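The values are calculated or read from the model by the stated rules, or taken from the named source; none is laboratory data. From a predicted model like this one, the values you see are computed outputs, not experimental measurements. For neighbour counting, all protein chains shown are included, and Cβ atoms are generated from backbone atoms with ideal geometry for every residue, glycine included. What goes into the accessible areas is simple: the full protein's heavy atoms, side chains included, and nothing from ligands, DNA or RNA. Shrake-Rupley method; radii C 1.70, N 1.55, O 1.52, S 1.80 Å.
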Amino acid sequence: MRRRTEILVLLICLVIVTTSFASTVTYDHRAIVIDGKRRVLISGSIHYPRSTPEMWPDLIQKSKDGGLDVIETYVFWNLHEPVRNQYNFEGRNDLVKFVKLVAEAGLYVHLRIGPYVCAEWNYGGFPLWLHFIPGIKFRTDNEPFKAEMQRFTAKIVEMMKQEKLYASQGGPIILSQIENEYGNIDSAYGAAAKPYIKWAAGMAISLDTGVPWVMCQQSDAPDPIINTCNGFYCDQFTPNSNKKPKMWTENWSGWFLSFGGTVPYRPVEDLAFAVARFFQRGGTFQNYYMYHGGTNFDRTTGGPFIATSYDYDAPIDEYGQVRQPKWGHLRDVHKAIKLCEEALIATDPKISSLGPNLEAAVYKTGSGGCSAFLANIDTKSDATVNFNGNSYHLPAWSVSILPDCKNVVLNTAKVNSMSVIPSFIHESLNKNADSTDSIGSGWSWINEPVGISKASAFNKLGLLEQINTTADKSDYLWYSLSMNIKGDEPFLQDGSQTVLHVESLGHGLHAFINGKLTGSRTGNSDNAKVKVDIPITVVPGKNTIDLLSLTVGLQNYGAFFDLSGAGITGPVKLNGLSNGSSIDLSSQQWTYQVGLKEEDSGLPSGSSSEWVSQPALPKNQPLIWYKTNFDAPTGNDPVALDFMGMGKGEAWINGQSIGRYWPAYIASNSGCTDSCDYRGPYSANKCRKNCGKPSQQLYHVPRSWLKPSGNILVLFEEMGGDPTQLAFATRKMGSLCSHVSDSHPLPMDMWGLDSKTRRASNPTLSLSCPSPNQVISSIKFASFGTPLGTCGSFSHGRCSSAKAHSIVQKVRSCCNI
């Protein structure tokens, strides 16, 4: 086999096209019908609050360039109504602006109102005040809950109507969703589940949007609601009525990252295989969850323990740059499927076996048109099949698409898109500091008091559950107890050390005895609960136990997830090591303080007058606020902060929270592989990287939040760290590579050529810089023959042309003139 391989350097293009939107949207058993015509629709999820308004136009255009027809988003109730009847639709919450920008790009919108969204979002998108309504029970046949759900859903629908954003009004919204994945957990709600779903469906229909409604993962969705599929694969899904189309509302393009976890990714060959299989077996609407994942700014992460990055290994990465080859290969898949659209919408597929684990699906139009999909679902063995008198090679776990039932335009395992290797270039926050000068000279700080320091503190007998106490106004709740220990206590008589035993529902805690940190413990994404025994030393007389309990995002999924508690619910005991004595402190009178003292004093904006900068910068100290001023990195490349050297906390830039940081939480050393075989069913734990490293070290800082100079960075450091190690990292797309072989189909763009020209053409390798102001500066590697390795680590095989590098170098020189 001959193969041509190259490595080069960076580019991106924008094309803006405007289209008009349909006025009528219906459906039949094959597809969504827009203005009387069935449509094959490719959709992708972009959640507006996980990026910024300044990023939205570029994200939407890149989605369109990638072959999307539809942008899908949830609506986040707790963002829009943080206080009952007080609404926020500004900035990142400007849903109307986002929808209008999608319309301006000529794309449709699928508005998933929910209002339960899951989405690894804090409390599943529900506002915390909902929890305190008397008699309420979430997501069941409960009148207080249904009244609030209907009120918010109706408000969003009315807002869209007022702006004429539904397709029935000439707008872009062609679909809406009510509820979300309720069928996964409805059995836990017993007999009340079915009337609740029937009510939700009827309520949605009564809002008269003029477009269809869907319910995902709801096999008993009442007519006319369309039930849809979510998952890594949905080719075997069948709707609950032969009058409804086969729709896939969440094709998981990767998986979410948790603090303490390794980084998940999904090979594009497998994702493309899943997409092609879905359309092969009768699907006509497919949505990537996510197409752009983005960032969990502020305290919006759910979980608990969901990381600040919500990159999701999506085709457009967290920073808004296309991820290659995933974006490019999927773009080609979309083009191939659209070449089959006329046949796909004309009829149901005729499926036949070509052998063990080999399958053909044929679609024919009434006018003689024909399209076919040939699949090899074997996880190991390639195959050669005979179809319509022709021979076709099918790699394992792949689908070949034949728009004319004869010529292969694409095979999902043959990636003909270039790979781009991103890198981060670091620079210090203080550019004027030389290598011998401490960057700390530009820092000031404020110590957060240990224990009770606010006038709003209160006393209560026993231990309180945290979420009911804080209403999630803060991650933090202080539990404080003062006690007198007599000199004749067994703890002191034999000189033994005392052990403080604490049990908590999670998600973490720090224990201070007489003002000094004596121990800490956190849960994890699998088990948020904490049980810890901390050796302490007590003294005769007054002793103070201060326990700082913390949350890391509230539960967002599962039956009755809203009742999942947090905080120190006990027991809390003092145990003697040698004499077996014990004192249970759980029922004592504790003093409580919601949140940190300095959270209420304007510190996140940096405006407080309490900041000090002398005598010396404290480092590796828990419970401390830091502040510094800095200039923005030059250029337009995306920016991140590298938090290596810090522990855990939250960061604000010019008063806006970039989210929680936690580089001290190191991922497991096991479960990662150098490469992940795309063949065979994917699962969330199949392909992992970053073992033994911080789950998240780099934190996205939107360019629009930065000024050229005079920016303010504020940190709250909970565990202890060294802020002078902080650095900016600008994201560069500086190198790229690709490979092609004789077995690759021709480039998608050549399909429009006449058949004679196509037969005379060969597979082609193309590379271009991802930015228009870049040129290819050098050729690092080129091989023609049997090269080995993957992008970034190619090597020559046993057969290699000595002229390959010079030929490619000559082409580069010509192209850059």
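Charges were assigned to the Cβ only: +1 to each Lys and Arg, -1 to each Asp and Glu. The resulting dipole of region 122-216 about its Cα centre is roughly 80 debye. In a simple Cβ point-charge model (Lys, Arg +1; Asp, Glu -1; nothing else charged), region 338-390 has a dipole of about 60 debye relative to its Cα centre. Here is what passes the span test in the chain: the DSSP H helices with alpha carbon length of 18 Å or more along the helix axis and a Kyte-Doolittle mean of -1.0 or above are 143-162, 193-206, 326-339. Given +1 at the Cβ of Lys and Arg, -1 at the Cβ of Asp and Glu and no other charges, the dipole of the chain around its Cα centre is 2280 debye to the nearest 20.
Placing unit charges on each Cβ (+1 for Lys and Arg, -1 for Asp and Glu) gives the chain a dipole about its Cα centre, and among 479, 429, 787 the Cα reaching farthest toward its positive end belongs to 787. Residues whose amide H falls under 5 Å from that of residue 780, counting only those 5 or more places apart or on a different chain, are 7, with hydrogens built in the peptide plane. By DSSP, what percent of the beta bridges with both residues in region 150-308 are antiparallel, rounded to the nearest 5? Of all bridge pairs located within region 150-308, approximately 5 percent are antiparallel.
When the helices of the chain are scored as -39500 (n - 2.57) per DSSP H run of n ≥ 4 and the total is divided over every residue, the value at 222 nm lands at -4000 deg cm²/dmol.
How high is the relative contact order of region 458-594, in percent, with contacts defined as C-alpha pairs under 8 Å that are six or more residues apart? Kindly include the intermediate steps, with their values, before the conclusion.
Numbers: 318 pairs, mean separation 56.3, N = 137.
In percent, rounded to a whole number, it is 41.
Remark: relative contact order (region 235-355) = 28 percent; criterion is Cα-Cα distance under 8 angstrom and separation of 6 or more residues.
When the accessible area of region 32-145 is split by element with a 1.4 Å probe, what percent falls to carbon and sulfur? Please list the in-between numbers first.
On the way: 1570 of 3210 Å².
The C+S portion of the solvent-accessible surface of region 32-145 is 49 percent.
The HN-Hα couplings worked out from phi for region 712-722 by the Karplus form 6.51 cos²θ - 1.76 cosθ + 1.60 (θ = phi - 60°) are 10, 10, 10, 10, 10, 9, 8, 9, x, x, 10 Hz, whole numbers, x standing for Gly and Pro. Taking 648, 198, 406 and ordering them by how much accessible surface each has at a 1.4 Å probe, largest first, produces 198, 406, 648. Each of 567, 515, 587 was scored by the projection of its Cα onto the charge dipole of region 458-594, and the greatest displacement toward the positive side belongs to 515; charges sit on the C-beta of Lys, Arg, Asp and Glu.
Per-residue Karplus couplings for region 612-625, computed as 6.51 cos²θ - 1.76 cosθ + 1.60 with θ equal to phi - 60°, are listed in order as 10, 10, 9, x, 9, 5, x, 10, 6, 10, x, 6, 9, 9 Hz, Gly and Pro entered as x. Residues whose amide H comes within less than 5 Å of that of residue 701, counting only those at least five positions distant or on another chain, are 639, 640, 641 (H built at 1.01 Å from N in the peptide plane).
Amide H contacts of residue 27 (H built 1.01 Å from N, in plane; Pro and chain starts excluded): 33 sit under 5 Å, all sequence-distant by 5 or more or on other chains. Accessible surface of residue 670, taken over heavy atoms with a 1.4 Å probe and every protein chain present, rounds to 80 Å². Here's the picture: charge each Lys and Arg Cβ at +1 and each Asp and Glu Cβ at -1 in region 681-736, and of 724, 694, 681 the one pushed furthest to the positive end of that dipole is 681.
With a 1.4 Å probe and all protein chains kept in place, how do 653, 666 rank by accessible area, largest first? Intermediate values should be presented prior to the final figure.
Details: 653 0, 666 80 Å².
Of 653, 666, the descending order of accessible area is 666, 653.
The residues of region 458-594 expose on average 42 square angstrom of accessible surface per residue, using a 1.4 Å probe on protein heavy atoms. Give the shape of region 458-594 as rounded, prolate or oblate, defined through the alpha-carbon gyration tensor: a ≥ b ≥ c are the square roots of its eigenvalues, a/c under 1.5 means rounded, and otherwise the shape is prolate if a/b is larger than b/c and oblate if not. Since a/c reaches 1.5 and a/b is larger than b/c, the shape of region 458-594 is classed as prolate. Among the protein heavy atoms, those of residue 631 account for about 70 Å² of accessible surface (1.4 Å probe, every chain in place).
Sort 77, 611, 255 from largest to smallest accessible area, using a 1.4 Å probe on the heavy atoms of the protein chains. Write out the running numbers ahead of the final one.
Working: 77 0, 611 35, 255 55 Å².
Per-residue accessible area, sorted high to low, gives 255, 611, 77.
Measuring with a 1.4 angstrom probe and ignoring ligands and nucleic acids, residue 299 comes out at about 60 Å² accessible. Nonpolar atom fraction for region 458-594, defined as the carbon and sulfur part of the 1.4 Å probe accessible area, stands at 47 percent.
Return a whole-number percent for the relative contact order of the chain, with Cα pairs under 8 Å and 6 or more residues apart as the contact set. Don't skip to the end; give the middle numbers.
Working: 1998 pairs, mean separation 133.5, N = 817.
Relative contact order comes out at 16 percent.
Beyond 47 Å, what share of the Cα-Cα pairs of the chain remains, rounded to the nearest whole percent? Summing the P(r) of the chain above 47 Å gives 28 percent of all pairs.
Note that region 173-185 has calculated 3J(HN,Hα) couplings of 6, 9, 8, 9, 10, 10, 6, 6, 6, 5, x, 5, 10 Hz, one per residue in order, obtained from phi through the Karplus relation 6.51 cos²θ - 1.76 cosθ + 1.60 (θ = phi - 60°); glycine and proline are x.
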